[in-house]
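Working notes for the structure below.
The values are calculated or read from the model by the stated rules, or taken from the named source; none is laboratory data. Please read all numbers here as calculations on a predicted model, not as lab measurements. Cβ placement follows ideal geometry from the backbone for every residue including glycine, while neighbour counts extend to all protein chains displayed. SASA here: full protein model, heavy atoms, side chains in, ligands and nucleic acids out. Shrake-Rupley method; radii C 1.70, N 1.55, O 1.52, S 1.80 Å.
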Amino acid sequence: QVQLVESGGGLVQPGESLRLSCAASGRIFSINAMGWYRQAPGKQRELVATITNGESTNYADSVKGRFTISRDNAKKTVYLQMNSLKPEDTAVYYCHVVARSLGTVWASDYWGQGTQVTVSS
């Protein structure tokens, strides 16, 4: 099994920055894609950004140019640097990892518990 622990959420004013982190642990054989999703009240969960194990990235149009996703494979950690935050970025942010556990053949999806990001003046 794989466990994900997120950190870095909080309350900030519009225009400010936050950095989210998500560390994977457990019986991990390999990690493929890593990413961040978010869910605002009354809305469906949506993709924010993803990064493959080849460092290819993909962003939602709403965050392009403001958010940057990165990963540290040695630390099994994915980051989301969020700049120029807007009130519409307010949501619970979830870490997502596609990983293969030791003793298994196929990779599976894993989700973090979520971290609240609130952007308000």
Query raised in the report: Residues THR104, THR68, THR77: which one is among the β-branched types (Val, Ile, Thr) and more than 13 Å from ILE51 (Cα to Cα)?
Result: THR104
Query raised in the report: Residues of region 1-43 being open to solvent by 50 Å² or more (accessible area, probe 1.4 Å) and part of a loop (DSSP other than H, G, I, E, B), which ones?
Result: GLN1, GLN13, PRO14, GLY15, GLU16, SER17, ARG27, PRO41, GLY42, LYS43
Query raised in the report: Could we say that VAL98 is more than 17 Å from SER7 (Cα to Cα) and either in contact (Cβ under 8 Å) with a residue 60 or more places away in the chain or part of a strand (DSSP E or B) (or both) here?
Result: yes
Requested in this report: Kindly check whether there is at least one residue in region 58-71 that is buried (at least 18 other Cβ atoms within 10 Å of the Cβ), of a type outside the set (A, V, I, L, M) and not in a strand (DSSP E or B).
Outcome: no
Query raised in the report: Out of curiosity, is GLU46 exposed (fewer than 14 other Cβ atoms within 10 Å of the Cβ), at pLDDT 95 or above and out of contact with any helix residue (DSSP H, G or I) (no Cβ under 9 Å at 6 or more places or on another chain)?
Result: yes
Report task. Scan region 98-120 and give yes if some residue there is polar (S, T, N, Q), open to solvent by 40 Å² or more (accessible area, probe 1.4 Å) and in contact with a Pro (Cβ under 7 Å, 6 or more places away or on another chain), otherwise no. Result -> yes
Query raised in the report: Looking only at residues in region 74-97 that are among the small types (Gly, Ala, Ser) and open to solvent by 50 Å² or more (accessible area, probe 1.4 Å), which one is farthest from LYS64 (Cα to Cα)?
Result: ALA74
